[in-house]
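What follows is one structure encoded as structure tokens, with my remarks underneath.
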Amino acid sequence: MGVTWELDFYSRPLLDDEEKKVWEVLICESPQSVQQLPEDLFRYSQYCPSSTVNSVWLRQAIEAAITEAGQMPQKIRFFRRQMNNMISKACEEAGIPPVPSRRTYVLEQWLDDRLENFYPHQPGYDPKLASSTSVQYPELNAIALPDAVRGDRGDQWALVSLAAADFNDLPDWEISFGESFPLSPYNLPADCRIPGLILFSPRALPFAAWLSGLELGYLQYNTDPRPIVRLETGASDSWIVANVTDKTSEQEAHGFEQAKKLAQGIHFLAIQASPDSEAFAGFWLLQETGQI
């Protein structure tokens, strides 16, 4: 499997000598498994003068990162929708598919760290700019999954949880489609409960294959306009993966959200053919992050 990168190109809470905003590109490698060590993931950063913020400069920065990494990524994920045109053009001109995605967990963690521990110690730091860096997007209405993958009336689902320590064995599980990331940077206690949703479907394999073509972001329980568990994918897509129709399920869904918060937003989505199956057609570690 080729590597995937995560990229952000935006102004930072820094001003240059002419009181103009300093821009920066951040590029990091997306982890693919729980076994990857965070320190082994590729990272690249470069400041950009406000006078040269364009796709040409960004393409050159991407090419410089490729030279430093010694390999070209198979795709580049980015979360910042307002930069879609510039980032997409730069990636395409560098010969790399751009992918709008909310599966940019490592990048957002890196940005959080830089906002707290790096930029405040740099020349030209402006705390007023730091307070206005957040990105908030309105939620879109969740839609039903395509008929081709929904299975039949026999489809079931269950909200469950696993101990953080259980994920040490994840590489040994039988999984057809999926993606994970190391839990070590989060310093979760071994007995911390990681919540998850398991979908049981007679069409488990084609369902998992279809999901693997999306950029899976996170699961979220919503009560308005009706109780559902929604799956956020891509930059803004949202799917109904479970209808919550009784009081017991509502309590379980509330518990799912509470457990997610205690686990720093980390949770999982799994797909199996039946509750008796020992194999996973799909298994994805997910995280609901605070938006940068």
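Need pairs with beta-carbon distance below 6 Å; first residue free of Cβ contacts under 8 Å to residues at least 40 places away in the same chain and within region 206-225, second among the charged types (D, E, K, R) and buried (at least 16 other Cβ atoms within 10 Å of the Cβ); sequence gap 6+ or separate chains.
Filtered contacts from region 206-225: Y221/E257.
Looking at (1) in contact with a Leu (Cβ under 7 Å, 6 or more places away or on another chain); (2) at positive phi, find the lone condition where G265 falls short.
(1)
Between S131, S101, S176, which is under 18 Å from the mean Cα position of the chain (by Cα) and either modelled with pLDDT of 95 or more or not β-branched (V, I, T) (or both)?
Criteria check complete, one pass: S101.
Considering only residues that are open to solvent by 30 Å² or more (accessible area, probe 1.4 Å) and part of a loop (DSSP other than H, G, I, E, B), which ones fall in region 189-200? Working first, answer last.
As a first pass, look at region 189-200 and keep what is open to solvent by 30 Å² or more (accessible area, probe 1.4 Å): 189-191, 193.
P189, A190, D191, listed by residue number.
Among the residues of region 18-50, write down those that are touching a residue at least 12 places away in the same chain (Cβ under 8 Å), under 17 Å from G124 (Cβ atoms) and open to solvent by 50 Å² or more (accessible area, probe 1.4 Å).
Correct list: K20, K21, S45, Q46, Y47, P49.
Tell me which strands (runs of 3 or more DSSP E) are completely within region 201-283 and hold 2 or more residues being open to solvent by 10 Å² or more (accessible area, probe 1.4 Å), or say none if there are none. Quick ask: steps written out before the conclusion?
Details: elements: 216-222, 228-233, 237-243, 266-272.
Those strands (runs of 3 or more DSSP E) span 216-222, 228-233, 237-243.
Would you pick out the residues in region 78-98 that are closer than 19 Å to T233 by Cβ and either aromatic (F, W, Y) or surrounded by fewer than 22 Cβ atoms within 10 Å (Cβ to Cβ) (or both)?
F78, F79, R80, R81, N84, S88, P97, P98
Can we say R193 is of a type in the set (K, R) and under 23 Å from P38 (Cα atoms)?
Considered against the rule, which asks whether it is of a type in the set (K, R) and under 23 Å from P38 (Cα atoms), R193 comes out as yes.
The values are calculated or read from the model by the stated rules, or taken from the named source; none is laboratory data. This one's a predicted model, so the numbers in the text were calculated from it and none came from an experiment. We place every Cβ from the backbone using ideal geometry, glycine too, and count neighbours over all the protein chains shown. Accessible surface areas use protein heavy atoms only, side chains included; no ligands, DNA or RNA. Shrake-Rupley method; radii C 1.70, N 1.55, O 1.52, S 1.80 Å.
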